[in-house]
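The structure under discussion appears below in the form of structure tokens.
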Amino acid sequence: MNAQPRFFALLARLLHWLMALMIIAMLFIGAGMVASVSERHEWLIHLHKPLGIAILALVIVRLSVRFSTRQPPLPADLPLWQVLAARASHVVLYALMLVLPLLGWAMISAAGDPVMLSSSVQLPALVEANAPLFALLRKAHGYLAYLLFLTVLLHLAAALFHGLIRRDGVLQSMTGTKG
Amino acid sequence: MVDHSSPPRPPLSTPSLIARLAGIGAVVAVAAGAFAYVNGTLDPQRLQPKTLVNALETNNGVHPGLRRNHAKGVCVAGYFESSTEARAYSSAQVFSEAKTPVIGRFALPSGNPYAPDSSVPIRSFALQFSQANGQQWRTGMNSMPVFPVGTPEAFYQMLKAGAPDPATGKPNPAGMPAFFAAHPETAPFLAWVKTAKPSASYATETYNGINAFYLVSADGKRQAVRWGVVPQSQDTAGDTVPSGRDFLEKDLVQRLASGPLRWQLNMTLANPGDPLDDASKAWAGEHKVLNAGTLVLQSSQPQADGDCRDINFDPLILPSGIQASNDPLLAARSAAYASSYVRRAGEVSPLHSAPQESKP
């Protein structure tokens with residue numbers, strides 16, 4: 001049997017850090033645009049839509065990379081609850097990366113609005129126009145985005161805990177640096 | 001499997017452990033704090049879409065399922081027939097195709113759905129042009145030539161000036177005069193109000209887009225414009241306002257029963273120096289006006305289950321070939337309408353899916 005890898009595959013690491021930047025930007029853009037009546041509202045929306053679709057495309061690539069490469073194992077001495085928390089939070093992160101763009105796309109469709117990624121690039125509607133469905137999807141988009149932000153914070157705190165307190169190589173498995 | 005990835009880890013001293021934990025806490029706190037600032041929690045002074053919609057609800061009451069502003073209205077449908085005049089200025093398909101289907105809505109400006117039709121001299125008209133390529137153009141127009149104020153902040157102050165006093169349940173009578181006195185930009189609007197009378201019909205009104213936009217030609221040239229629709233058949237002047245509270249919808253249904261109603265869509269081209277970012281100011285002097293085509297309305301529906309009910313007439317839903325100006329009211333309208341829309345959309349049942357038989 002081959003030795004377990006110490007690091008995530010290079011492509012997995014690149015996707016992780018690229019998407020980390022995009023998702024954090026996206027969360028701030030989303031929270032800022034719905035809380036503003038200024039011109040910022042408009043240009044943030046114009047960023048939010050294409051960025052969301054880019055995240056949707058990248059997470060599909062990322063999931064296929066995840067399932068086709070070997071993951072470095074968690075340290076053998078990690079308490080079981082932390083192992084379970086790590087697994088569960090990764091499932092939540094992947095699920096929300098996939099679901100949030102789809103919810104955004106579907107809610108614009110349900111509002112009967114054209115789904116425009118730029119002044120001329122248009123996506124087809126995911127669902128038919130339906131006002132109460134729009135309200136439901138719009139609220140779900142907002143609440144789940146907050147859940148994603150909280151999960152990202154937890155993920156960040158856990159990564160730093162591994163890197164600074166446990167010093168067990170878990171953070172380095174994603175940074176690619178020797179620990 | 002052996003734990004091969006862990007190098008020897010000397011235990012951390014207590015001060016070092018505390019410092020590191022505090023560092024992690026600080027990173028998380030800064031991220032959460034930045035987020036709370038951006039979403040407005042730590043910035044309570046910021047004017048937010050919900051602040052505007054809450055103010056409308058305070059002034060008018062909450063009427064579930066209805067628009068938080070322009071609450072009383074009627075749906076209409078028809079089409080737009082383009083002329084050739086706008087084609088050189090805008091690449092939008094609505095100007096190149098012969099016909100584009102339109103859904104619209106006439107309304108009163110207030111957020112009170114029970115306002116008598118004679119209570120205000122303002123009527124409004126919203127339109128959605130559905131282009132064959134799937135893009136849409138939505139616009140909300142009003143019968144006044146200018147908006148009372150030029151910024152969302154001033155609009156919010158105006159709403160607050162008209163808010164009911166909690167003690168009496170009625171607005172303070174000194175509130176609006178004090179607001180107008182403090183906001184000289186309202187003068188052109190007030191001058192118009194003095195001469196304006198509530199019309200007896202939606203069909204005889206001119207409706208103005210008020211905010212400036214750009215027409216963008218196929219080769220990328222931008223021309224600032226303000227648009228509006230002018231009725232083709234003027235009524236005999238001196239029409240008196242009928243008695244009763246709800247004559248406008250009845251009048252519209254009657255007129256449509258005897259034939260389509262027509263408006264000319266005008267594009268007023270900005271002269272150099274015309275304000276593009278201030279809807280409270282008129283464009284003075286001679287202007288070139290394009291006749292962009294004819295709007296033809298054929299049918300109406302009650303708004304409760306009409307096709308216009310679920311349309312958010314967001315003025316920034318624009319087709320390729322029309323762009324927003326930097327008028328701050330446009331972004332504010334777009335943001336506030338979205339907030340109103342999610343509230344009322346959550347209060348209604350789904351609209352019929354098949355197009356309902358519309359009244360004549």
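No value in this document is a laboratory result; all are computed from the given coordinates. Remember, it's a predicted structure, so these values are computed and weren't measured experimentally. Because the Cβ atoms are built from the backbone with ideal geometry, glycine has one as well, and the counts that use them run over all protein chains shown.
Can you find a residue that is out of contact with any helix residue (DSSP H, G or I) (no Cβ under 7 Å at 6 or more places or on another chain), more than 14 Å from chain A (Cβ to nearest Cβ), surrounded by fewer than 16 Cβ atoms within 10 Å (Cβ to Cβ) and assigned to a strand (DSSP E or B) anywhere in region B:94-103?
Yes, there is a match, as at least one residue in region B:94-103 is out of contact with any helix residue (DSSP H, G or I) (no Cβ under 7 Å at 6 or more places or on another chain), more than 14 Å from chain A (Cβ to nearest Cβ), surrounded by fewer than 16 Cβ atoms within 10 Å (Cβ to Cβ) and assigned to a strand (DSSP E or B).
Looking at (1) closer than 23 Å to B:Ala132 by Cα; (2) within 10 Å of another protein chain (Cβ to nearest Cβ); (3) out of contact with any Lys or Arg (no Cβ under 8 Å at 6 or more places or on another chain); (4) among the charged types (D, E, K, R), which is the only condition B:Asp314 fails?
So B:Asp314 meets the others, but not (3).
Between residues in region B:55-66 that are part of a loop (DSSP other than H, G, I, E, B) and residues that are surrounded by fewer than 16 Cβ atoms within 10 Å (Cβ to Cβ), which pairs lie under 8 Å by C-beta distance while being six or more apart or on different chains?
What qualifies is B:Pro64/B:Glu347; B:Gly65/B:Glu347.
State all residues of region B:16-31 that are under 19 Å from A:Ala25 (Cα atoms) and either over 38 Å from the mean Cα position of the chain (by Cα) or surrounded by 13 or more Cβ atoms within 10 Å (Cβ to Cβ) (or both); if no residue qualifies, say none.
Correct list: B:Val27, B:Val28, B:Ala29, B:Ala31.
Quick one: A:Asp113 ticks every box in (1) within 19 Å of B:Arg138 (Cβ to Cβ); (2) away from every other protein chain (no Cβ under 14 Å) except a single one, so which number is it?
Of (1) within 19 Å of B:Arg138 (Cβ to Cβ); (2) away from every other protein chain (no Cβ under 14 Å), only one is false for A:Asp113: (2).
Here are A:Leu126, A:Leu78, A:Leu100, A:Leu47: which of them is outside any helix (DSSP H, G or I) and more than 13 Å from chain B (Cβ to nearest Cβ)?
Just a single option satisfies the conditions, and that option is A:Leu126.
Can you tell me which residue within region B:133-148, out of those that are within 13 Å of chain A (Cβ to nearest Cβ) and over 12 Å from the mean Cα position of the chain (by Cα), is nearest to B:Pro328 (Cα to Cα)?
B:Trp137
Which of the following residues is farther than 16 Å from B:Val76 by Cβ and without any contact (Cβ under 8 Å) to a residue 12 or more places away in the chain: B:Gly220, B:Gly228?
B:Gly220
All but one of (1) away from chain A (no Cβ under 14 Å); (2) surrounded by fewer than 21 Cβ atoms within 10 Å (Cβ to Cβ); (3) in contact with a Leu (Cβ under 8 Å, 6 or more places away or on another chain) hold for B:Pro350; state the number of the condition that does not hold.
Against the list (1) away from chain A (no Cβ under 14 Å); (2) surrounded by fewer than 21 Cβ atoms within 10 Å (Cβ to Cβ); (3) in contact with a Leu (Cβ under 8 Å, 6 or more places away or on another chain), B:Pro350 comes up short only on (1).
Which of the residues belonging to region B:114-138 are among the small types (Gly, Ala, Ser) and either part of a strand (DSSP E or B) or more than 16 Å from B:Leu252 (Cβ to Cβ) (or both)?
Hits for region B:114-138 are B:Ala115, B:Ser119, B:Ser124, B:Ala126, B:Ser130, B:Ala132, B:Gly134.
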